[in-house]
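To keep things clear, I will list the structure first and then write my remarks on it.
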Amino acid sequence: MRPEKNRLTAKTLDGAQIAATIKDELKQEILRLKSCGVTPGLAAVLVGRNPASEIYVRNKVKACEALGLYSEKIELAASTSSAELLDVIRQLNARDTIDGILVQLPLPPQIDVKKVLLAVDPLKDVDGFHPVNVGNMVSGRPGMVPCTPAGIIQILERSQVPIAGCRAVVIGRSDTVGKPLALLLLHRNATITICHSRTRDLPSVAREADILVAAIGKPALVTGDFIKPGAVVIDVGINRLTQPEEVRAVFHDVDSALAQLRAKGSVLVGDVQPEDVREQAGAYTPVPGGVGPLTIAMLMVNTVRAARERRGTALHP
Ligand code: GUN
């Protein structure tokens, strides 16, 4: 039996609302570009049939349609070779109607991911994964910034969470989220710690954080003992639980989580235990409806920006 806990007090950081505001702000710029004869265009390349990737790409294409951007979904067989994928990318690099190229990750194991990311024209690299854009970001130069980290900064800044001087702990060292986010926080004068699977006494390191980011892809790894009371907790994880024993291992209110599993066939949970974070944090991003919508909003921002910048000064306001 768990001891009686405090009231639920944490503020929800509404990512869906912030993403809607960003997309709304972008509409003016899209209209301006269209009046100059330019419709920004995104190509999303999906290799194989990873169900999560299929949903992500579908949502990215839908977001383009809602904003009046041109989009193309390119679906390739799971058996596609590196050479075949490189050929598709070269063709997209050469097309003037395509401003942004996104190769959905993960890729099947036979594909050389580093070669593929290197092949994307840095000016069309709306994911910010090309080494030129990575280097620009490390050295604080302008360039494409990866969508999820950029979106997390938007959540923090638009929610007036102070960053300068704070202790930020990022759990997860991926090239797509953990590393770039740590740099963005550092550039805003946070004191950063990056944690990973070999970090000793993870809960006590995490408890030092004013801003705690969980981006490791492990359901509800971050429990109450990781969270300094009042900290801001950003949950990047999206884990789909389909088995009753997984649900029992994660939730305190097992009955209502199991009822959700029965009704929907699965239960979504982030990398943060959702009941603990409500009791312990000052503010937090929910799953779903937290970081996820920002990833897509920032992809739209990067695509519009690529359309403008690829054409040099011709389209500057
Ligand atoms: N897979 C998970 N996140 C991302 C992302 O931001 N971009 C791409 N291309 N693939 C992903």
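The values are calculated or read from the model by the stated rules, or taken from the named source; none is laboratory data. All of these numbers come straight from a predicted model, not from anything done at the bench. Cβ placement follows ideal geometry from the backbone for every residue including glycine, while neighbour counts extend to all protein chains displayed.
Please identify the pairs in which a residue from the stretch 197-209 that is farther than 20 Å from residue 231 by Cα has its Cβ atom under 7 Å from the Cβ atom of a residue that is surrounded by 14 or more Cβ atoms within 10 Å (Cβ to Cβ), counting only partners at least 6 apart or on another chain. Every condition considered, the pairs that remain are 199/205.
In the stretch 131-142, the residues that are surrounded by 10 or more Cβ atoms within 10 Å (Cβ to Cβ) reach residues that are modelled with pLDDT of 95 or more and of a type in the set (Asp, Glu) with C-beta atoms within less than 7 angstrom, at least six apart or across chains, in these pairs: 133/125. Among the residues of the stretch 307-314, not a single one is surrounded by fewer than 24 Cβ atoms within 10 Å (Cβ to Cβ) and part of a strand (DSSP E or B).
Only one of the numbered conditions (1) under 21 Å from residue 11 (Cα atoms); (2) buried (at least 17 other Cβ atoms within 10 Å of the Cβ) is violated by residue 120, and that is (1).
Residues in the stretch 49-60 that are of a type outside the set (Ser, Thr, Tyr) and surrounded by 18 or more Cβ atoms within 10 Å (Cβ to Cβ): 2 in all.
Restricted to the stretch 114-149, and to residues that are more than 14 Å from the ligand (Cβ to nearest atom) and in a loop (DSSP other than H, G, I, E, B), which residue is nearest to residue 46 (Cα to Cα)? Looking at residues that are more than 14 Å from the ligand (Cβ to nearest atom) and in a loop (DSSP other than H, G, I, E, B), I get 121. In the stretch 152-198, the residue that is nearest to the ligand (Cβ to nearest atom) out of those that are among the basic types (Lys, Arg), more than 14 Å from the chain's Cα centre (by Cα) and under 23 Å from residue 286 (Cα atoms) is 158.
So, in the stretch 275-298, how many residues would count as being part of a loop (DSSP other than H, G, I, E, B), surrounded by 24 or more Cβ atoms within 10 Å (Cβ to Cβ) and not hydrophobic (A, V, I, L, M, F, W, C)? The total comes to 2. Within the stretch 97-130, being free of Cβ contacts under 8 Å to residues at least 12 places away in the same chain and either over 25 Å from residue 78 (Cβ atoms) or among the aliphatic types (A, V, I, L, M) (or both) holds for one residue alone: 113. Residues that are at pLDDT below 95 and among the polar types (S, T, N, Q) occur in the stretch 40-50; there is at least one. Just to be sure, is residue 77 of a type in the set (Gly, Ala, Ser) and either closer than 30 Å to residue 233 by Cβ or crowded, with 16+ Cβ neighbours inside 10 Å (or both)? No; evaluated as a whole, the condition is false for this residue. Contact annotation: residue pairs with Cβ atoms under 6 Å, 6 or more positions apart or on different chains, pairing a residue in the stretch 42-53 that is more than 20 Å from residue 79 (Cβ to Cβ) and of a type outside the set (D, E, K, R) with a partner that is at pLDDT 95 or above and within 12 Å of the ligand (Cβ to nearest atom), are 42/100; 43/101.
So if I check each of 210, 271, which one is crowded, with 21+ Cβ neighbours inside 10 Å and charged (D, E, K, R)? Criteria check complete, one pass: 271. Please enumerate the residues belonging to the stretch 82-113 that are farther than 18 Å from residue 302 by Cβ and within 14 Å of the ligand (Cβ to nearest atom). Those that are farther than 18 Å from residue 302 by Cβ and within 14 Å of the ligand (Cβ to nearest atom): 85, 106, 107, 108, 111, 113.
Residues in the stretch 94-112 that are in contact with a Gly (Cβ under 6 Å, 6 or more places away or on another chain) and within 21 Å of residue 50 (Cβ to Cβ): 1 in all.
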